[in-house]
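*Asks:* Below is the structure I would like to discuss, written out as structure tokens.
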Amino acid sequence: MGLNVEVLIGVVTDGDAEELDSLRSELSEELALLDVDALEPVVEGKAPPGTRGLEAAAVGQLLVKAGPGMVLPIVRAVRGWLRRSRARSVELSIAGDSIKLSNISLEEQERLLEIFLAKHGTG
């Protein structure tokens, strides 16, 4: 079995804590359908070791642990969730490298995600 990869996902909103919790729960339900080893909310104020903290007014973080072959399905699930509303923003971190997707065109999202995934051997 290969080494696990940790993907830190930050759901970002200008709304209140209730909206943030709702968005995080929605994304968590979608990610739970994937074959991941662990999916857990990150306790506020502490980013997992080896990751950068995510910057935003309100961030609901999820830590996903999975085999390296699951990075692409995880990113696809996040991308699908993100596309359902232009008001949604998300930040992905793998091995300390982060990408934030917010209010950009679908074409720009695709281009940035391809670059990000290629850097992590999944593109």
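*Asks:* Suppose we filter LYS100, LYS65 for residues that are within 24 Å of ASP16 (Cβ to Cβ), assigned to a strand (DSSP E or B), among the basic types (Lys, Arg) and in contact (Cβ under 8 Å) with a residue 40 or more places away in the chain; which single one remains?
*Replies:* Of LYS100, LYS65, the one residue that is within 24 Å of ASP16 (Cβ to Cβ), assigned to a strand (DSSP E or B), among the basic types (Lys, Arg) and in contact (Cβ under 8 Å) with a residue 40 or more places away in the chain is LYS100.
*Asks:* Which of the residues that make up the stretch 94-121 are more than 15 Å from the chain's Cα centre (by Cα) and among the β-branched types (Val, Ile, Thr)?
*Replies:* Result: ILE104, ILE115.
*Asks:* Okay, moving on. Could you list all residues from the stretch 9-51 that are assigned to a loop (DSSP other than H, G, I, E, B), modelled with pLDDT under 90 and charged (D, E, K, R)?
*Replies:* Listed by number, the residues that qualify are ASP14, ASP16, GLU44, LYS46.
*Asks:* Which one of these is polar (S, T, N, Q) and either surrounded by 17 or more Cβ atoms within 10 Å (Cβ to Cβ) or touching a His at 6+ places or on another chain (Cβ under 8 Å) (or both): SER102, SER89, SER85?
*Replies:* When all the criteria are applied, what remains is SER89.
*Asks:* Tell me yes or no: at least one residue of the stretch 68-82 is in a loop (DSSP other than H, G, I, E, B), at pLDDT below 90 and surrounded by 14 or more Cβ atoms within 10 Å (Cβ to Cβ).
*Replies:* Looking for residues that are in a loop (DSSP other than H, G, I, E, B), at pLDDT below 90 and surrounded by 14 or more Cβ atoms within 10 Å (Cβ to Cβ), one finds none in the stretch 68-82, hence no.
The values are calculated or read from the model by the stated rules, or taken from the named source; none is laboratory data. Given the structure is predicted, the values throughout are model-derived calculations rather than measurements. Virtual Cβ from ideal backbone geometry, glycine too; neighbours counted across all protein chains shown.
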